[in-house]
1. Quick check on region 211-232. Is at least one of its residues part of a loop (DSSP other than H, G, I, E, B) and modelled with pLDDT of 50 or more?
2. Test residue 185 against the stated conditions and say whether it is modelled with pLDDT under 50 and of a type in the set (Ser, Thr, Tyr).
3. Which one of these does residue 87 not meet: (1) within 27 Å of residue 149 (Cα to Cα); (2) without any contact (Cβ under 8 Å) to a residue 40 or more places away in the chain; (3) of a type outside the set (Phe, Trp, Tyr); (4) not in a loop (DSSP other than H, G, I, E, B)?
4. Which residue pairs have Cβ atoms under 7 Å apart, sit 6 or more places apart or on different chains, and have a first residue in region 102-115 that is at negative phi and without any contact (Cβ under 8 Å) to a residue 40 or more places away in the chain and a second that is part of a helix (DSSP H, G or I) and of a type in the set (Gly, Ala, Ser)?
5. Residue 46 versus (1) of a type in the set (A, V, I, L, M, F, W, C); (2) at pLDDT below 95; (3) assigned to a helix (DSSP H, G or I): which is the lone unmet condition?
6. Using the structure shown, decide if residue 141 is at pLDDT 95 or above and under 12 Å from residue 63 (Cβ atoms).
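The values are calculated or read from the model by the stated rules, or taken from the named source; none is laboratory data. The structure displayed is predicted, hence computed values, not measured ones. Cβ: placed from backbone, ideal geometry, glycine included. Neighbour counts: every protein chain shown.
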Amino acid sequence: MKCTLAGTAVLAIVLTISALAQTGAATPGGAAAPTPAATTAPSGGVKVGIIDIQQAIVGTNEGARDFEALQKKFEPRRTELQNLNTEVENLKKQLSTQGDKMNDDARATLVKSIETKQKSLQRSAEDAQNEFQAQQNEIAQRILQKMAPVIDKYAKSSGYALLLDSSNPWPQGPLLWATQSVDLTKTIVDAYNAQSGVAPPPPSAKPAGTAASKPPATTPAATKPAGTTPAATKPVAPATKPQ
């Protein structure tokens, strides 16, 4: 269930910013987004910048707050899955150490119990992972839709001719190479935070994913069932323009 922003996010940002460039950027409710200090494009050159959309989303105060709240919300599910996984592993250990000493009926009953619990664990883990990622993506979509006007306003006021999403390395993403000096991720995060008015979360509550790192690749199914490999989850971008 691995989802990335490459492709989807690029398309969403291009469509959104193209529309905003024609109509003028405004934040929800009509309030104009704050404009960071404008810079002048080099004479005779095309000004290009990069933004790691995934970092930007999770690096905002709003994203840090909401993703942390989501992790806490799913803690009971994670504990439940861990307990069920432990139960399955204990039964497997019992079968391995005592199976040859059991009569046929007892061994068959134990094998059936393991299979039933294993399937239940698999279904529960998949359901939890799907629910977690769906809610994670809802948060990302909401933030990205509000971030698009901020990006548009900054790009126009600062003379940028092209912005690229650096969330995923080439060839999965569009960016082959860039210097750190053209990375606008923190600038956009700061501008978004100034507009949103959301206070930074306490240091202990801020998730690992900030403007300097990727969102944490975790799911509520922290303990995976034997034989399965839950994919890392990342927020996905909306494929529609913000209203």
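1. Taking every residue of region 211-232 in turn, none turns out to be part of a loop (DSSP other than H, G, I, E, B) and modelled with pLDDT of 50 or more.
2. Taking the combined requirement at face value, the residue does not satisfy it.
3. Just one mismatch for residue 87, condition (1).
4. 107/99
5. Single failed check for residue 46: (3).
6. yes
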